[in-house]
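The next block holds one structure in the form of structure tokens; read it before the comments.
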Amino acid sequence: MRVAVIGGGISGLSSAFLIKKGLKDVEVDVFEAGDSPGGTIKTVQKDGYTLEFGPNGFLSGKRSTLEIARLCQANGYLVEASEDAEKRYVLKNGKLVPLPDSPVSFFKSSLLSLKGKIEIMKEPFVKPLNDDYEETVGEFGQRRLGKEAVDYLLDPMVSGVFAGSVDRLSLKQCFPRIWQLEREYGSLVKAMFKLKSKKASPSGRLTSFKQGMEYLIKSLVNKGDFCVHTGKKVSHVEKRGKRFLLNTSKEEYRAVVFAVPSYAYMDIAFPLKERVIEGLMSIKYPPMAVICLSLESKIDVAGGFGFLIPSIEKRRILGALYSSNIFPNRAPDNRILATVMMGGDNNGWIMDFKEEELMLVAIEELSEILSIKKKYIEPVAMRKIRRAIPQYYKGHGKIVESLEELSRQIKGLFFTGNAFYGIGINDCTARAFSLADSVIDFLKGNHA
Ligand SMILES: Cc1cc2nc3c(=O)[nH]c(=O)nc-3n(C[C@H](O)[C@H](O)[C@H](O)COP(=O)(O)OP(=O)(O)OC[C@H]3O[C@@H](n4cnc5c(N)ncnc54)[C@H](O)[C@@H]3O)c2cc1C
């Protein structure tokens, strides 16, 4: 019995790993279009720097990635973000202001004006939304917390996670936990106090691997008992009786797991494609540039995790992470590695710029924001990503429902990937656990 997984990113590889682990007598083939597995996860070692061109890490509060790391024996190499990285900054009127992390620091902070703080304090008295209207993150924030909170708290958060726009992303789809807290507790402030008293710690610490995030990919491939076929772009999936045939293989498959970005479905023929393709093509992936810069360690960069820039500040970068402050061994001893992010849903213009030009823009912006001369900032490397992170706009839930309906109709077809079940590494690995259970149930004939 064979299963095909299409796409060798973290979604496809962790699904393949768990399917094989749960059912020993199944053969699993992963088909990856690129020349190496990993998809968005890309770590490069260069001149003593460990550079991340995709995710920097995952939060340890959700257990799914930690569990995958344990199963593929990568857990001995886990590293947690330093305590200093708890400090985060937001740019306001050209100055970096610490992000408040407690009620006391919130009241003292200059990030919001007195008026903005009063708006937030009124939050427990705002009635929860009861109808089915799907709000954007911005609409939700404006209704419950006021405009300043949207501009200086939610906008940078959305930019840091999705490189997205508060005016377009759906709150329910992108931040389901926040959406649910309003329904459960009637207020975010009330929820915060209730959860604190229950000592619930939902997020945890940012975590990676000593060698960088790609170590997880290598461990999955090396320790998993499945076959990864690179340079194999699937363009055709056909059902014949109870079996599936793929253009990339002579084998017959009992089940097929799609783990590709939503735009990739356009180039793949599969059963009942016409029912879902319009929705899939409507998911936007804005471009991003990840630019790695090096500074002398004696330069005062305020430290911490780094900073995010609200759109209202009208800068040309989204923010920067001080990667070498966050994790050990990311830069040579006397250097700071800063990873600058550009692009996203509000900044499609980056596609019109050449890589060298974007590098210069990043250096210029960093030097202005940190008030240091440009000559102290050295380029290390960069990567321009044409289609970076899928944006979950209003109506995204319907696209996922239509795929799930297709999966019920064409028995043996399964779907995963960051376009549907959350964009975080934790979301991709959590989905892998539930998907592997469904595939195994199907193969054992236990499905409904
Ligand atoms: C710059 C950046 C920073 C990020 N930072 C973080 C972070 O710090 N923390 C975090 O949790 N998340 C982060 N993310 C998000 C996270 O990295 C991704 O959501 C996740 O890696 C997606 O994994 P995936 O397997 O679903 O998709 P992908 O990684 O896109 O993998 C899909 C794979 O399918 C392959 N493929 C496509 N078409 C075909 C075909 N026809 N046949 C065969 N193969 C095909 C592709 O080549 C690719 O390898 C970041 C994303 C970006 C872009």
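The values are calculated or read from the model by the stated rules, or taken from the named source; none is laboratory data. Quick caveat: nothing in here was measured; it's all calculated off a predicted structure. Note that each Cβ is placed from the backbone with ideal geometry, even for glycine, and that neighbours are counted across all protein chains shown.
Values computed for the structure shown
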| item | result |
| --- | --- |
| Filtered residues of the stretch 14-47 (kept if of a type in the set (Asp, Glu) and either within 15 Å of the ligand (Cβ to nearest atom) or more than 15 Å from ASP441 (Cα to Cα) (or both)) | GLU27, ASP29, GLU32, ASP35, ASP47 |
| Residues of the stretch 244-269 satisfying the condition of being surrounded by fewer than 15 Cβ atoms within 10 Å (Cβ to Cβ) and either away from the ligand (no atom under 14 Å from the Cβ) or part of a loop (DSSP other than H, G, I, E, B) (or both) | ASN247, LYS250, GLU251 |
| Single unsatisfied condition, TYR89 versus (1) of a type in the set (Phe, Trp, Tyr); (2) under 30 Å from ILE309 (Cα atoms); (3) within 16 Å of the ligand (Cβ to nearest atom) | (3) |
| Output for the stretch 205-241, where each listed residue is away from the ligand (no atom under 12 Å from the Cβ) and within 25 Å of the chain's Cα centre (by Cα) | ARG205, PHE209, LYS210, GLN211, TYR215, LYS218, SER219, VAL221, ASN222, LYS223, GLY224 |
| Qualifying residue in the stretch 376-398 (condition: under 30 Å from LYS242 (Cβ atoms) and under 24 Å from the mean Cα position of the chain (by Cα)) | yes |
| Qualifying residue in the stretch 242-256 (condition: in contact (Cβ under 8 Å) with a residue 24 or more places away in the chain and under 24 Å from the mean Cα position of the chain (by Cα)) | no |
| Exclusive hit being under 28 Å from PHE209 (Cα atoms), within 15 Å of the ligand (Cβ to nearest atom), at pLDDT 95 or above and assigned to a helix (DSSP H, G or I), set ASN426, ASN418 | ASN426 |
| Of all residues making up the stretch 154-192, the number that are farther than 13 Å from LYS394 by Cβ and part of a helix (DSSP H, G or I) | 23 |
| Residues of the stretch 51-69 that turn out to be more than 9 Å from the ligand (Cβ to nearest atom) and either surrounded by fewer than 24 Cβ atoms within 10 Å (Cβ to Cβ) or modelled with pLDDT under 95 (or both), as a count | 9 |
| Qualifying residue in the stretch 21-30 (condition: over 30 Å from SER294 (Cα atoms) and buried (at least 22 other Cβ atoms within 10 Å of the Cβ)) | yes |
| Candidate set from the stretch 386-409 (those that are buried (at least 17 other Cβ atoms within 10 Å of the Cβ) and assigned to a loop (DSSP other than H, G, I, E, B)); member that is farthest from the ligand (Cβ to nearest atom) | LYS394 |
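Yes/no per residue for (1) in contact with a strand residue (DSSP E or B) (Cβ under 8 Å, 6 or more places away or on another chain); (2) touching a residue at least 12 places away in the same chain (Cβ under 8 Å); (3) among the small types (Gly, Ala, Ser):
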| residue | (1), (2), (3) |
| --- | --- |
| GLU355 | yes, yes, no |
| SER371 | no, no, yes |
| VAL380 | yes, yes, no |
| ARG387 | no, yes, no |
| ARG408 | no, no, no |
| SER434 | no, no, yes |
| LYS444 | no, yes, no |
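Yes or no, residue by residue, for (1) buried (at least 21 other Cβ atoms within 10 Å of the Cβ); (2) under 28 Å from the mean Cα position of the chain (by Cα):
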| residue | (1), (2) |
| --- | --- |
| GLU86 | no, yes |
| TYR89 | yes, yes |
| SER109 | no, no |
| PRO124 | no, no |
| GLU134 | no, yes |
| LEU145 | yes, yes |
| TYR152 | yes, yes |
| ALA163 | yes, yes |
| SER170 | yes, yes |
